[in-house]
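Below is one structure, written out as structure tokens, with a few remarks after it.
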């Protein structure tokens, strides 16, 4: 199995997962972060989605025990915008290297706002291939989030190789919250 990268370890540490949290990972890939999150859960759970059927299959294999224990739910391959969350609401939603903000962020961010619980938080992580692209992402992402009903709480950058990782932590703005 693929070991956890420094990027994913830092991302999960940044989430400060509590034992009873309900989380959503958008773009779960092979399910490495799902495994890291599940190690911190007791009564909580994580729901994971990815567009790729191959990645979903790998995530399910990697997290077989967590799925059986009810800590992880891995949906069939689906995009964020087309996912049926069945009314589920989440304390924390996160995505690592998922670019749903560049083209038309309105629908994605509306979906994310709708699935966050009151006082829920969104964490977007990005590690571009080049260091020179970290700061532009870290500076531009908050503007996009704020233009679509989020309040940015924090922007963090962690020095890693080959490039740093940035995290933008945001919450739904009270005026746009549908809670």
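The values are calculated or read from the model by the stated rules, or taken from the named source; none is laboratory data. No experiment lies behind these values; they were computed from the predicted model shown. Because the Cβ atoms are built from the backbone with ideal geometry, glycine has one as well, and the counts that use them run over all protein chains shown.
Laid out as a table, the results:
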read-out: Selected residue (criterion: farthest from the chain's Cα centre (by Cα)) from residues of the stretch 111-130 that are surrounded by 15 or more Cβ atoms within 10 Å (Cβ to Cβ) and outside any strand (DSSP E or B); value: 128
read-out: Criterion: under 21 Å from residue 141 (Cα atoms) and modelled with pLDDT of 95 or more - qualifying residue of 115, 34; value: 115
read-out: Which numbered condition residue 156 fails, given (1) touching a residue at least 60 places away in the same chain (Cβ under 8 Å); (2) assigned to a strand (DSSP E or B); (3) buried (at least 19 other Cβ atoms within 10 Å of the Cβ); value: (3)
read-out: In the stretch 9-59, the residues that are touching a residue at least 40 places away in the same chain (Cβ under 8 Å), in contact with a helix residue (DSSP H, G or I) (Cβ under 7 Å, 6 or more places away or on another chain) and more than 20 Å from residue 112 (Cβ to Cβ); value: 31
read-out: Lone qualifier among 80, 24 - being buried (at least 16 other Cβ atoms within 10 Å of the Cβ) and in a loop (DSSP other than H, G, I, E, B); value: 80
read-out: Residue check, residue 91 at pLDDT 95 or above and either within 21 Å of residue 144 (Cβ to Cβ) or outside any loop (DSSP other than H, G, I, E, B) (or both); value: yes
read-out: Boolean, residue 168 is under 17 Å from residue 50 (Cα atoms) and either assigned to a strand (DSSP E or B) or modelled with pLDDT under 95 (or both); value: no
read-out: Condition check for residue 71: without any contact (Cβ under 8 Å) to a residue 40 or more places away in the chain and out of contact with any strand residue (DSSP E or B) (no Cβ under 9 Å at 6 or more places or on another chain); value: no
